[in-house]
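No lab work stands behind these numbers, since they all come straight from the coordinates. All values reported here derive from a predicted model rather than from experimental measurement. As a convention, Cβ positions derive from the backbone with ideal geometry for all residues, glycine included, and neighbour counts pool all protein chains shown.
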Amino acid sequence: MRAIVVAAIGCFAMRVAHADPKQLHAAAQAADTGHCSPATCTPEIVALYQQAADAYAAYLAKSPDDAEARFLRAQILDMKLGRLEEAGDEYARVGALQVVGKYHEDALLGAIDAYDRARGTGPSASPIDDKLVAAANRYVELFHGGPHMTEIMFRLGQLAFDRGRLADAARIFQTIVTRFPNDPNAGPAGDRWLSVLDRARDWAGIERAAAVLRTLPAFQAPDRLELLAHLALQAIAKQAEAAADGGHARDAAAQYRRAFAAATSDDDRVRYLYLAATMLARARAYGDARAAYVELATTYPRTSKAAEALFAAARVDEARFDWDGAASSYEQLARSYPRDERAADALYDAGVLRRALDQRDAAIAAFGELAARYAARRDAESAALVRAELVG
């Protein structure tokens, strides 16, 4: 077989200047029994296709408007020789011909594909980018509304994403999912839209995108809907974190409240409600903070955060000089969670506050319970002494 190919090369080499390019092309195809690609073609097969491409080039120098010959040359450069940018240029020249013929659409699609594979995926722009965009624009000009529109838009969105033009990428992918919700590219475009917004750290944008994607046919599978709900919840939480980091505690609390409402598990609800209360306390909205802490302890009494929330509520009451409220929260903590690490301190603080409020019986009860229940603690003895003094 190799001898046959070598003989064919020698034969055609002598006649290439005068040969019909289609004949050279046909001879190369006849020798290419394995239908090779640029990565697999043997040097002999490559030489045959190169001769055909050169013959087409010589012919096109005299007949530049022959769309078929130029299209065939582009295919050789693309599919056999791997010269992608040059192939794209030839395809694009076919698409640029004023008289639209049967090769225009395939040529422009070929140009877009070749340029897209040739451009690279790094962040630095390439001159090929402009060629890709020009070919896409020409396709839209001639075949607007055609079946390949979303595929082309997707490629342009990916180009913008690779080059770091995140706003452009987000706009393109959003357009695909909103204007063509039933298109096969709508699902992948939705995924890319979320990726773009994530790279841009646009948490509000992710939340809005998830709301849109939940309505699309491509995202109706249970696992897809669950993922969107998770992403939306995380996006709200990220907005809260950003507000907190920016010193906007009130806004952070509102966002955490939204996360609490959107959460589907008790663990998430407890976490976000506690964070909302903490942000309210930081904003010195003590009444609202205390209410949120108490809501947590009342609604989720079995969570590990319940005792912590009561302790925090007491601290908030102290900050606003509500000594009676603070003492009540301490007492509730000690009564409901006697094994919590804060229970003994809560009893001691409750006793101190009741004594300061001249509530003698309540103070005696708090110090007495501390001394009896937590006898091993260092402050148990002092609590017993204070109780004795109050009783005495």
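Taking 21 Å as the straight-line reach from the Cα of residue 22, the lysines in range (excluding those fewer than 8 positions away in the same chain) are 62, 80, 102.
Considering only 338, 173, 194, and ranking their Cα positions along the charge dipole of the chain that arises from unit charges at the beta-carbon of Lys, Arg, Asp and Glu, the one farthest toward the positive end is 338. Helix 343-356 axis versus longest C-alpha principal axis of the chain: approximately 50°, rounded to the nearest ten.
Considering only 277, 211, 356, the mean-square fluctuation computed in a Gaussian network model of the chain, springs between alpha carbons under 10 angstrom, is largest for 356. Spin-label model, residue 360 to residue 377: label points 7 Å out along the Cα-to-beta-carbon direction sit 2.5 nm apart. Against the main long axis of the alpha-carbon atoms of the chain, helix 127-143 sits at an angle near 80°. Ordering of 154-164, 367-377 by packing is 154-164, 367-377, highest average first (other Cβ atoms within 10 Å, averaged per residue). Taking 0.36 nm per residue of separation and subtracting the Cα-Cα distance, full extension of the segment from residue 66 to residue 125 would add 18.0 nm.
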